[in-house]
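Beneath this line is the structure, given in structure tokens, with notes to follow.
The values are calculated or read from the model by the stated rules, or taken from the named source; none is laboratory data. What you see is a predicted model, and the numbers here were worked out from it, not measured in a lab. Here the Cβ is made from the backbone with ideal geometry for all residues, glycine too, and neighbour counts use every protein chain on show.
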Amino acid sequence: MASTKFTTVARSLSSGSTQGMVKPPIKVFGIEGRYATALFSAGTKQNKLEAIEKDLIKFQTALKSDKVLKEFVDNPINKRSLKSSTLQLAAKKLALSPPSSNFLSMFNFYILPLDSADQQELKKTLQAFSKKGETIKLELKVDPTLIGGMIVSIGDKYVDMSVATKIKKYTEIIQEAV
């Protein structure tokens, strides 16, 4: 599911195939790692890493100072297409560079609830992991504390693919290295 969409994202961010991507100095994993790698690759190829860093700080500051924008972005009820167009307008208003603007407009699909087509695709994918004759009953809950990603529970199997858990793990790794 996400890999198909990521291919589109990576190509739109870095203007080339994912095989020609520039490797970041620190390898990061998962979908958020792929996004970060694609943005780093695009910034390196376009010689705009400093601009991207400033853009992300500018956007982070806007989220902290503009409560309406923050509430809109955090609201899981807003549709993806509306969030995407709003993030594009915010990027334009903040005068963000093209790689940063692309990043913001494409990143939002990962942090929103799944639409019916994505739900069906997820259900089909999960069905492959179930036993013969079993049917997947998909129960979706939006939990903003996960930041993004999902937690999947099938019977006694539990897989945590949330961004919050990955951030926690990366923070622990960094703290251990220091």
- Item | Residue ID - farthest from Val73 (Cα to Cα), chosen from residues in region 110-169 that are touching a strand residue (DSSP E or B) at 6+ places or on another chain (Cβ under 9 Å) and among the aromatic types (Phe, Trp, Tyr) | Phe129
- Query: Of (1) within 24 Å of Ile173 (Cβ to Cβ); (2) surrounded by 17 or more Cβ atoms within 10 Å (Cβ to Cβ); (3) not hydroxyl-bearing (Ser, Thr, Tyr), Phe29 satisfies all except one. Which?
  - Reply: (2)
- Could you tell me which numbered condition Lys93 fails, if it satisfies all but one of (1) of a type in the set (Lys, Arg); (2) modelled with pLDDT of 90 or more; (3) under 20 Å from the mean Cα position of the chain (by Cα)? (3)
- Task: Scan Ile136, Ile167, Ile173 and give me the residue that is surrounded by 12 or more Cβ atoms within 10 Å (Cβ to Cβ), outside the structural domain of Gln46 (by TED's automatic domain parsing), closer than 29 Å to Phe40 by Cβ and of a type outside the set (Lys, Arg).
- Result: Ile167
- Out of all the residues in region 26-49, which are part of a loop (DSSP other than H, G, I, E, B), of a type in the set (A, V, I, L, M, F, W, C) and in contact (Cβ under 8 Å) with a residue 24 or more places away in the chain? Val28, Phe29
- Message: Residue pairs, Cβ under 6 Å, 6 or more apart or interchain, first in region 50-63 and in the same structural domain as Ala36 (by TED's automatic domain parsing), second surrounded by fewer than 15 Cβ atoms within 10 Å (Cβ to Cβ). List them.
- Response: Leu63/Lys70
- Query: Which number in (1) in a helix (DSSP H, G or I); (2) modelled with pLDDT of 75 or more; (3) touching a helix residue (DSSP H, G or I) at 6+ places or on another chain (Cβ under 6 Å) marks the one condition that Ser105 misses?
  - Reply: (2)
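Residues that are in a strand (DSSP E or B) and within 19 Å of Leu114 (Cβ to Cβ): does region 159-178 have at least one?
Scanning region 159-178, I find at least one residue that is in a strand (DSSP E or B) and within 19 Å of Leu114 (Cβ to Cβ), so the answer is yes.
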